[in-house]
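Here is the structure we will look at, set down as structure tokens.
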Amino acid sequence: MRAIHGQLSDNQPIRRSLPEKQKQLRELRETLAGMKAHTTPSLRDSVRKRIAELEAELRTAGVPTRPKA
């Protein structure tokens, strides 16, 4: 289907709230930790890159990015 003028399309970034970003960061860290040895390096790098981007976004929002142990 074609997009109608003014309609939100897949071409725009998804806007996430702060809790959603924190949840996504947590899930990506779990995904990275659970990756098998045979996972492609490019996939690992893309997950690491997204984690770094989310950490930077949360840092600018003033939220600690590392969970307390």
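Computed from the coordinates by the stated procedures, all read-outs in this text should not be read as laboratory data. The shown structure was predicted, so the numbers you read here are calculated from the model rather than taken from an experiment. So basically every Cβ, Gly included, is an ideal-geometry build from the backbone, and we count neighbours across all protein chains shown.
Sum up the charges of everything whose Cβ sits under 11 Å from the Cβ of residue 53, counting Lys and Arg as +1 and Asp and Glu as -1, but leave residue 53 out. Don't skip to the answer; put the middle values down first.
On the way: positive: 21, 48, 49, 50, 59; negative: 55, 57.
Result for the local shell: +3.
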Reach of residue 21 by Cα under 17 Å, taken over aspartates and glutamates that are not fewer than 8 positions away in the same chain: 30, 53, 55, 57
Local net charge near residue 31, Cβ-Cβ under 12 Å (Lys/Arg +1, Asp/Glu -1): +4
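Which FRET efficiency, nearest 0.05, do residue 58 and residue 36 yield, Cβ-Cβ r, R0 35 Å?
Values: r = 28 Å, r/R0 = 0.80.
That gives a FRET efficiency of 0.80.
Add +1 for every Lys or Arg and -1 for every Asp or Glu among the other residues with Cβ under 12 Å from the Cβ of residue 43, and state the total. Show your work: numbers first, answer last.
Numbers: positive: 36, 44, 48, 49, 50; negative: 45.
Here the charged neighbours net out to +4.
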